[in-house]
Amino acid sequence: MLMQNIETEPLIEGVKSQANISARLERLPMTKQVFWARNIIGAATFFDGYTVIAIAYAMPVLAKEWNLTPTQIGMLLSSGYIGQLFGAVFFGWLAERIGRMKVLTFTILLFVAMDIACLFASGAAAMMAFRFLQGIGTGGEVPVASAYVNELISSKKRGRFFLLYEVMFLLGLVGAGIIGYLLVPIYGWKAMFAVGLVPATLLIPLRFFLFESPRWLASKGRLDEADRIVTRLENSALKTGKKLAPPVEVPQIQAQKSTQGWRELFRGMYFKRSMVIWSMWFGAYMVANGLITWLPTLYRQHFNLSLDTSLAYGFITSAGGVVAAVICALLIDKIGRRRWYIGALFLAAVPLSCLALTGATTPLQILMLAGLGYALVQTVTFSLYLYSAELYPTRLRALGTGLGSAWLRLGSAAGPLVVGLAVSGAGVHYVFGVFAAVLVVTGCITALFAIETKGRILEELSP
């Protein structure tokens, strides 16, 4: 009789509370609403990935058209990442106060508007300004979206579910590579930004099919709203013939009522977690984005390859990163986050060290070894949103992920600047040596201090 009531009357399972909402989400199978919520947010993340890297494929043309120096190229590539830093911190903070959906809507509109503005940039200064403002939008969208998607799914399926969503970001990178290869040689750099508007305009109306995060609503005491959403998800599962097990509440949730705000990130168990994840964000993204944004221009200017060949090599590197990321998404729930990160960081340093020691003398050598290193690092970078969201409680998840990803932006901004300075003053192969050293240091920090999170309930990990 008890099971019959559970399957047909999900509302009477217990007193509505944050613990009850979480427990009911934990026992839910994949529902149609959650599946499409992930895909719609994934469409925004695809466009984010596209806009982040679009400038790299426009740069070989812009560098000649605007007579840019290596330092100017580095500044132009970095301007968007600096904007992303501010967006990640501010919108992560705002999402904890007004909700995930309101912030996501505004950030999407912002980076779409700035994509239009980039089409009318008349020089490096204007492009830097537009990319900075666009970065504020993209920097805010990704961490908030990551917190939202993580909060929808149970612990047993969280790794694969989230990382298959996060692959959309990498597909955006590949999409930019395809457009760059096919259209930039014919239509010029503006093609990169014009094509990027197509998925964005389709995305805006889809936003209205989404619902607010029940975990966030419950954490704010809006239990009736959270209950209505979870009940709708439960009824959707029951209509498909699936059975729901009794919800098992995590007792710690009831007692956690923090008023420390952002200060809690630097106290107790969360202090060490913040330091570790910030190191991982900075080191991994400095290398990954330093490589992927610089390589097409390196092939074009240093080795004098044709524009088509330079863009094709850049696309091959991006595609290799997607393949590695999909493999990571399918295996990370079995292998574990910590073990995967340690192995990928140390292994990625090997081919980059080889390039540093051998002098990086041919473009094919760079394509193969730098591509392998990038693919390994990419499995870390694209899954850090998953890991960050697992390290913080609901009351801090968007803010903690946003602050962590701010170090992503610092690392991403530092990468092109390091490249520009090293190429101007020392030589190409020194860049790979610096990147290899960064990966080794990041791997050591991860091995010493990172915790394992696979298969554990969010509220159990972060009370």
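Restricting to the stretch 117-151, name every residue that is more than 27 Å from GLU26 (Cα to Cα), of a type in the set (Phe, Trp, Tyr) and assigned to a helix (DSSP H, G or I). PHE130, PHE132 - these are the residues of the stretch 117-151 that are more than 27 Å from GLU26 (Cα to Cα), of a type in the set (Phe, Trp, Tyr) and assigned to a helix (DSSP H, G or I).
Counting only helices (runs of 4 or more DSSP H) wholly contained in the stretch 379-463, the ones carrying 1 or more residues that are within 21 Å of the chain's Cα centre (by Cα) and among the basic types (Lys, Arg) occupy 397-425.
How about the stretch 80-104: which of its residues are of a type outside the set (Gly, Ala, Ser) and farther than 20 Å from ALA226 by Cα? TYR81, ILE82, GLN84, LEU85, PHE86, VAL89, PHE90, PHE91, TRP93, listed by residue number. When you scan the stretch 319-328, do you find a residue that is over 19 Å from GLY175 (Cβ atoms), modelled with pLDDT of 90 or more and in contact with a helix residue (DSSP H, G or I) (Cβ under 7 Å, 6 or more places away or on another chain), even just one? Looking through the stretch 319-328, at least one residue is over 19 Å from GLY175 (Cβ atoms), modelled with pLDDT of 90 or more and in contact with a helix residue (DSSP H, G or I) (Cβ under 7 Å, 6 or more places away or on another chain). Here LEU384, LEU372, LEU403, LEU376 are screened, and the one residue that is modelled with pLDDT of 90 or more and either under 24 Å from ILE82 (Cα atoms) or of a type in the set (Lys, Arg) (or both) is LEU384.
For the stretch 296-319, a residue qualifies if it is over 18 Å from ALA360 (Cβ atoms) and either surrounded by fewer than 23 Cβ atoms within 10 Å (Cβ to Cβ) or touching a strand residue (DSSP E or B) at 6+ places or on another chain (Cβ under 6 Å) (or both), and the qualifying residues are SER306, LEU307, ASP308, ALA312, PHE315, ALA319. For the stretch 103-123, enumerate the residues that are crowded, with 19+ Cβ neighbours inside 10 Å and more than 16 Å from ALA194 (Cβ to Cβ). Answer for the stretch 103-123, where residues must be crowded, with 19+ Cβ neighbours inside 10 Å and more than 16 Å from ALA194 (Cβ to Cβ): VAL103, LEU104, THR107, ILE108, LEU110.
Go through the residues of the stretch 157-172 one by one and say whether even a single one is among the aliphatic types (A, V, I, L, M) and within 18 Å of ARG215 (Cα to Cα). No.
For every residue, the table says whether it meets (1) farther than 28 Å from ALA176 by Cβ; (2) among the β-branched types (Val, Ile, Thr); (3) free of Cβ contacts under 8 Å to residues at least 24 places away in the same chain; (4) in contact with a Leu (Cβ under 7 Å, 6 or more places away or on another chain).
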site: ALA324; (1), (2), (3), (4): no, no, no, yes
site: CYS328; (1), (2), (3), (4): no, no, no, yes
site: ASP333; (1), (2), (3), (4): yes, no, no, no
site: GLY343; (1), (2), (3), (4): yes, no, yes, no
site: ALA348; (1), (2), (3), (4): no, no, no, yes
site: LEU355; (1), (2), (3), (4): no, no, no, yes
site: LEU384; (1), (2), (3), (4): no, no, no, no
site: PRO393; (1), (2), (3), (4): yes, no, no, no
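The values are calculated or read from the model by the stated rules, or taken from the named source; none is laboratory data. Since we're looking at a predicted model, the values are computed, not measured. Using ideal geometry, Cβ is built from the backbone for each residue, glycine included, and neighbour counts are taken over all protein chains shown.
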